[in-house]
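Colleague: Sharing a structure with you now.
The values are calculated or read from the model by the stated rules, or taken from the named source; none is laboratory data. Computed from a predicted model, the values in this text were never measured in an experiment. Here the Cβ is made from the backbone with ideal geometry for all residues, glycine too, and neighbour counts use every protein chain on show.
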Amino acid sequence: MAGTDRQERKRIDDERNQKLKIIKKSNAKIFRQFYREKKRCVPADAYVTRMNDPGNILEIDNLNTYFYTDVGTVRAVNGVTIDIPSGKTVGIVGESGCGKSVTSLSILRLLQEPQGQIMQGALRLNTGGGEAVDLVKLPAKAMSSVRGRDISMIFQEPMTSLNPVITVGQQMDEVMRYHNDEKLSKRQISARSIAMLGTVGIANAEGVYKSYPQELSGGMRQRVVIALALLCNPKLIIADEPTTALDVTIQAQILELLRELKEKINASIMFITHDLGVIAETSDYVVVMYAGRVVEQGDAREVFHHPLHPYTIGLMESRPGGAAEAKRLYSIPGSVPNPIELPDHCYFRSRCEMSVAACRGRYPQAFALNSTHKVACYRYLLDQGGG
Ligand SMILES: Nc1ncnc2c1ncn2[C@@H]1O[C@H](COP(=O)(O)OP(=O)(O)OP(=O)(O)O)[C@@H](O)[C@H]1O
Ligand SMILES: [Mg+2]
């Protein structure tokens, strides 16, 4: 009996090792191909393109970002399409692991290569007059001048973006020197850095300019990171959970600052958070992501008052204070599917309390209720005779 057990275990181990060997071989092939492509010179006509709508600053069009890991391919972002209109704030919301950060890292091409790769899609950045560049195909050198100048990012933990052994002032001046299109002198650069610290609500701007990051409080550091992000007048600011690492009162101050800045600067903001309340306070549009896909998007007020996708409805109910009469906080049953083995049908089906027979079919197409509100769910497709 013990012998049969041992044999069975050996068979399972052999099968698993064989599977891992195949994955390793296939990954090695993909990485070789990646480096070959990287060496190729990219002609301008490969990345110069036009915006679908010149009113947008960025168009994320069918973005697919995968990670080739030793245990299989993680489909982290799986056909995401989002428009970011000029001067507007778009909030991206979803549970942990749904692909919010990978979407933003893809935009800035900061993925951990060659494991992480954009496999398909376009990222059109408006360069003026409806002209655009596709960031997916942009050569690495041109991409590094897009970062910080056209698009900047505010990360969750300020110390990950600040160097602890360099003063705040030196770090700010360095960013401006790198993108010094206006040919500013050293004195003009430091004056602008100090002025920017004032803009983000730091009273003792000159003192902070000379300080090291660890000498500042968490809220102050996050203000410095926001000042850094604003230095070169970017067209788009990506804020990835900018308040999560801060305590509640500081969170409120930083949110207030971002709201104020929105009036002052003429930039679009992509605001990533898992907190629907934050989106309600900051965003014009909301995008709800689930397991690497957009399940619902639309005007923030409309989505808040009429959430359609069962996942959005669940998120609304699981907010503290969401269901006013509920005694206990609601939580969506089950968990996010394994991103290595995603099913062919709706990813939310196994957790959905509203599923219908049609949900056994293929992944639902997005259904547009109006020009902004879209939902990928069979309940609405069937209502409209689609599906
Ligand atoms: N370097 C990596 N290698 C392998 N898988 C990764 C890597 N980075 C992210 N992933 C996977 O991609 C998926 C999306 O991750 P992502 O960080 O975008 O989630 P998120 O929505 O930002 O979550 P959170 O709210 O926790 O920040 C997850 O399944 C994650 O495990
Ligand atoms: Mg994240």
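Colleague: Restricting attention to the range 65-80, does a residue exist that is within 22 Å of LEU105 (Cα to Cα) and away from ligand 1 (no atom under 16 Å from the Cβ)?
Modeller: The answer is no, given that none of the residues of the range 65-80 is within 22 Å of LEU105 (Cα to Cα) and away from ligand 1 (no atom under 16 Å from the Cβ).
Colleague: Please return the ranges of helices (runs of 4 or more DSSP H) entirely within the range 149-258 where 2 or more residues are within 23 Å of the chain's Cα centre (by Cα).
Modeller: So the answer is 158-161, 218-230.
Colleague: Still on this structure, I have one more. Check ILE154 against each of (1) hydrophobic (A, V, I, L, M, F, W, C); (2) modelled with pLDDT under 95; (3) away from ligand 1 (no atom under 16 Å from the Cβ); (4) in contact with a strand residue (DSSP E or B) (Cβ under 7 Å, 6 or more places away or on another chain) and name the one condition it does not meet.
Modeller: Checking ILE154 against (1) hydrophobic (A, V, I, L, M, F, W, C); (2) modelled with pLDDT under 95; (3) away from ligand 1 (no atom under 16 Å from the Cβ); (4) in contact with a strand residue (DSSP E or B) (Cβ under 7 Å, 6 or more places away or on another chain), the one that fails is (3).
Colleague: May I pose another question? For the range 330-372, which residues satisfy the criterion of being over 24 Å from GLY91 (Cβ atoms), polar (S, T, N, Q) and not in a helix (DSSP H, G or I)?
Modeller: ASN338, SER355
Colleague: Please find, within the range 106-150, the residue that is surrounded by the fewest Cβ atoms within 10 Å (Cβ to Cβ) out of those that are under 17 Å from ILE57 (Cα atoms) and within 16 Å of ligand 2 (Cβ to nearest atom).
Modeller: Within the range 106-150, the match that is surrounded by the fewest Cβ atoms within 10 Å (Cβ to Cβ) is LEU108.
Colleague: While we're looking at this one, here's another question. Restricting the search to the range 87-120, which residues are more than 7 Å from ligand 1 (Cβ to nearest atom) and hydroxyl-bearing (Ser, Thr, Tyr)?
Modeller: THR89, SER104, SER106
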